[in-house]
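Inspection log for the structure reproduced underneath, given as structure tokens.
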Amino acid sequence: MIPSLVRASELGWALDDKVLARAVRYVEQCKLPGGAVMYDLRPIPRRPGESIDNVKGSLGRMQVANWALRRAGVKSITDDVVRAGLESFFEHHPFLDVARMRPIPHEAYYANAAYFYMFAHCYAAQAINELPEAERAAWHKRLRAHLAKVQWEDGSSIDFPNMSCMRTAGTAFSILAYQAGLPGARRTL
């Protein structure tokens, strides 16, 4: 929602600035030292170890949080923070791979769910486009390899097999990720 609120403001729509400020504050409070982003804001943290709030369990949330906060103008989300999030995404990508297509949500390591896969790639593409233009092509090339390997013969993509709408959603996330990597693309969402 944060980037949508920012875009609405840019278009001159009447918005309560407090709504955006509260949303930004909530997401900032979910960020943990080391780059991970909590699944939700809770007063009592989850158990340590293989938690969904570990970097390996928050690979997609890290990308969307960095992208959203950067779009909102949060100064602490520097190029280095975005790069670190993307490096974690690629370094720990096997935890997304192993979760993809599992029928039971959050059964994989670090409570990753199958439906995190395409979401994570879509928002990694958006985060990449927050970096200087000269860096983007190399990052998008790395991302495309992960998108292509899960694309079906008919061109569609799916990450969670238990709902018929997930083929449409997965394909849409994939297209948005590919589109963000086209020359001249800046912000597609």
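Do you know which residues across the stretch 57-72 are assigned to a loop (DSSP other than H, G, I, E, B) and either closer than 14 Å to PHE116 by Cβ or free of Cβ contacts under 8 Å to residues at least 60 places away in the same chain (or both)?
SER58, the sole residue that qualifies.
Could you grab me the full set of residues in the stretch 134-158 that are in contact with a helix residue (DSSP H, G or I) (Cβ under 6 Å, 6 or more places away or on another chain) and of a type in the set (Val, Ile, Thr)?
Hit for the stretch 134-158 is ILE158, nothing else.
Name the residues in the stretch 155-177 that are without any contact (Cβ under 8 Å) to a residue 40 or more places away in the chain and under 16 Å from LYS141 (Cα atoms), would you?
Within the stretch 155-177, just ILE175 meets the criteria.
Every residue, every condition in (1) under 23 Å from LYS56 (Cβ atoms); (2) under 15 Å from the mean Cα position of the chain (by Cα); (3) modelled with pLDDT of 95 or more; (4) of a type in the set (D, E, K, R), yes or no:
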site: VAL98; (1), (2), (3), (4): yes, no, yes, no
site: HIS121; (1), (2), (3), (4): yes, yes, yes, no
site: PHE173; (1), (2), (3), (4): yes, yes, yes, no
site: LEU176; (1), (2), (3), (4): no, yes, yes, no
site: ARG186; (1), (2), (3), (4): no, no, no, yes
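When PRO3 is evaluated against the numbered criteria (1) farther than 19 Å from PHE173 by Cβ; (2) touching a residue at least 60 places away in the same chain (Cβ under 8 Å), which criterion, by number, is the only one it fails?
With respect to (1) farther than 19 Å from PHE173 by Cβ; (2) touching a residue at least 60 places away in the same chain (Cβ under 8 Å), PRO3 is out only on (1).
Of the numbered conditions (1) in contact with a Cys (Cβ under 9 Å, 6 or more places away or on another chain); (2) in contact (Cβ under 8 Å) with a residue 12 or more places away in the chain; (3) not basic (Lys, Arg), ALA111 satisfies every one except a single condition; which is it?
Of everything listed in (1) in contact with a Cys (Cβ under 9 Å, 6 or more places away or on another chain); (2) in contact (Cβ under 8 Å) with a residue 12 or more places away in the chain; (3) not basic (Lys, Arg), ALA111 misses just condition (1).
Looking at (1) within 13 Å of the chain's Cα centre (by Cα); (2) part of a helix (DSSP H, G or I), which one does TYR39 not meet, given that it meets all the others?
(2)
Is one or more of the residues making up the stretch 11-20 surrounded by 20 or more Cβ atoms within 10 Å (Cβ to Cβ), without any contact (Cβ under 8 Å) to a residue 60 or more places away in the chain and either over 14 Å from the mean Cα position of the chain (by Cα) or more than 24 Å from PHE160 (Cα to Cα) (or both)?
If we filter the stretch 11-20 for residues that are surrounded by 20 or more Cβ atoms within 10 Å (Cβ to Cβ), which is where we start, we get none.
Checked the stretch 11-20: no residue is surrounded by 20 or more Cβ atoms within 10 Å (Cβ to Cβ), without any contact (Cβ under 8 Å) to a residue 60 or more places away in the chain and either over 14 Å from the mean Cα position of the chain (by Cα) or more than 24 Å from PHE160 (Cα to Cα) (or both).
Might you let me know whether the stretch 99-119 holds any residue that is of a type in the set (Val, Ile, Thr) and either under 20 Å from LEU147 (Cβ atoms) or touching a strand residue (DSSP E or B) at 6+ places or on another chain (Cβ under 6 Å) (or both)?
No, the stretch 99-119 contains no residue that is of a type in the set (Val, Ile, Thr) and either under 20 Å from LEU147 (Cβ atoms) or touching a strand residue (DSSP E or B) at 6+ places or on another chain (Cβ under 6 Å) (or both).
The values are calculated or read from the model by the stated rules, or taken from the named source; none is laboratory data. Predicted model only: the values in this text are computed from it and were never measured. All Cβ positions, even for glycine, are placed from backbone atoms using ideal geometry, and neighbour counts span all protein chains on display.
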